[in-house]
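Reading through the C-alpha cells given below for one structure.
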Amino acid sequence: MKLMLLGCPGAGKGTQAQYIIDAFNIPQISTGEMLRNAIQNKTALGEKVKLIMDKGELVPDDIIIDLVKARISEPDCLNGFILDGFPRTLKQANALEQQGINLDLVIEIAVPDQVIIERMSGRLIHPASGRVFHKVYNPPKEANTDDITGEPLIQRSDDNEETVRQRLSIYHEQTEPLVTFYQHKSTSDINSIFKKIDGTQTVAEIQKQIHDLILYIKKEKIA
Ligand code: AMP
C-alpha cells in the first residue's frame with residue numbers, strides 16, 4: 001500500500017500518519033522530519049537546509065528527491081509506505097512517477113487557512129519520534145510531556161504565525177497544484193484513488209474515514 005497525505009502545514013497529516021503507522025504497520029516517510037533530524041544531528045544536509053526551513057520556504061527539489069529515493073529503497077518500504085509532506089511540487093511528483101512508483105491512494109486533508117493559523121500556535125511535537133500534540137485539540141496526558149517516553153515536547157521553530165503564513169502561501173502556490181494532478185490521475189487510472197477529507201472534523205472522525213479508505217483499497221487490491 002503506497003499512500004500519500006496531502007494538505008497544507010498543520011492540516012493534521014503527521015497526526016493521521018501516526019495513526020496509520022500504528023493501525024496498519026505501514027512505515028512513514030516524512031521529509032520534514034528527516035530534515036529536522038538532519039538539523040538536530042548537525043549533518044551537512046542539516047546545515048544546508050536550516051535557514052530555508054526557518055524561513056518557511058521549500059528545500060530545493062533535487063535535495064528532497066535524492067533523500068526520498070534513498071529512503072524508499074530501504075527494506076522496510078518494500079511493501080509500501082505513507083508519504084507525509086512529499087511530493088510538495090509537481091517536479092517532485094513527476095520524479096516519483098519516473099521512479100516507477102504509483103500511489104494507490106492520495107488523501108487530501110483540507111483545512112481553511114484561518115483554522116490553520118489558530119491551530120499552529122498550539123502545536124507541540126516530540127522531536128525524537130515526530131509525535132504531534134496540540135495544547136487544546138490533542139493534548140498530551142501531562143502538560144508539555146510526551147505520552148510514551150515522558151520526554152519534553154517542543155514547539156517547532158517554524159510554527160510561529162509569520163512563518164506559518166509564509167508556509168501557507170507557498171503551499172497554495174507550489175503544492176496545491178498537486179490536487180489537480182492527482183485528481184486527474186484518479187479519473188484516468190483506476191489503480192490510483194484520490195479522496196478529499198474535511199480536515200476540520202475531529203481527529204477521530206478523520207481517522208475513521210482514512211481507516212475505511214485503506215481497508216477498501218486493501219480489499220480491492222487483494223480481490
Ligand atoms: P513539514 O514537517 O512537512 O511541514 O516540513 C517542514 C519544512 O521542511 C517545510 O516548510 C520545508 O522547508 C521542508 N520540506 C519538507 N518536505 C519538503 C518537500 N517535499 N519539499 C521541499 N521542502 C520540504
Practice task
Determine which member of the set LYS42, LYS13 is buried (at least 23 other Cβ atoms within 10 Å of the Cβ) and among the charged types (D, E, K, R).
Solution key: LYS13
Exercise for the section: Check whether at least one residue in the range 96-109 is among the charged types (D, E, K, R), touching a Gly at 6+ places or on another chain (Cβ under 7 Å) and under 21 Å from ARG156 (Cα atoms), and report yes or no. Expected result: no
Practice task
Would you mention how many residues in the range 89-128 are out of contact with any Lys or Arg (no Cβ under 9 Å at 6 or more places or on another chain), closer than 19 Å to SER186 by Cβ and not in a helix (DSSP H, G or I)?
Solution key: 1
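Can you tell me which residues in the range 182-223 are in a helix (DSSP H, G or I) and within 23 Å of VAL115 (Cα to Cα)?
Once the filter is applied, which keeps residues that are in a helix (DSSP H, G or I) and within 23 Å of VAL115 (Cα to Cα), the range 182-223 yields VAL203, ALA204, GLU205, ILE206, GLN207, LYS208, GLN209, ILE210.
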Completion exercise
Counting only residues in the range 78-95 that are more than 8 Å from the ligand (Cβ to nearest atom) and at pLDDT 95 or above, the one surrounded by the most Cβ atoms within 10 Å (Cβ to Cβ) is identified as LEU83
Problem - Residues of the range 64-77 that turn out to be under 24 Å from ARG156 (Cβ atoms) and either of a type in the set (Val, Ile, Thr) or within 9 Å of the ligand (Cβ to nearest atom) (or both), as a count - result: 4
Exercise for the section: Go through the residues of the range 103-112 one by one and say whether even a single one is within 15 Å of the ligand (Cβ to nearest atom), surrounded by 14 or more Cβ atoms within 10 Å (Cβ to Cβ), more than 17 Å from GLN207 (Cβ to Cβ) and in contact (Cβ under 8 Å) with a residue 12 or more places away in the chain. Expected result: yes
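Scan ASP22, ASP61, ASP54, ASP84 and give me the residue that is over 18 Å from MET4 (Cα atoms) and not hydrophobic (A, V, I, L, M, F, W, C). If you could, list the steps in order and put the result at the bottom.
On the way: ASP22 fails: over 18 Å from MET4 (Cα atoms); ASP61 fails: over 18 Å from MET4 (Cα atoms); ASP84 fails: over 18 Å from MET4 (Cα atoms).
None of the others qualify; the one that does is ASP54.
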Exercise for the section: Any residue in the range 42-63 that's more than 8 Å from the ligand (Cβ to nearest atom): show its pairings with residues that are of a type in the set (A, V, I, L, M, F, W, C) at Cβ separation under 6 Å, as long as the two are six or more apart or on different chains. Expected result: LEU45/ALA38; GLY46/ALA38; GLY46/ILE39; LYS50/ILE39
Fill in the blank from the handout: Residue hits (the range 63-96; more than 14 Å from ILE26 (Cβ to Cβ) and among the aliphatic types (A, V, I, L, M)) are ILE63, ILE64, ILE65, LEU67, VAL68, ALA70, LEU90, ALA93, ALA95, LEU96
Exercise for the section: With the condition kept exactly as written, say whether any residue in the range 149-157 is assigned to a loop (DSSP other than H, G, I, E, B) and among the basic types (Lys, Arg). Expected result: yes
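The values are calculated or read from the model by the stated rules, or taken from the named source; none is laboratory data. Model, not experiment: these values are computed from the prediction. Because the Cβ atoms are built from the backbone with ideal geometry, glycine has one as well, and the counts that use them run over all protein chains shown.
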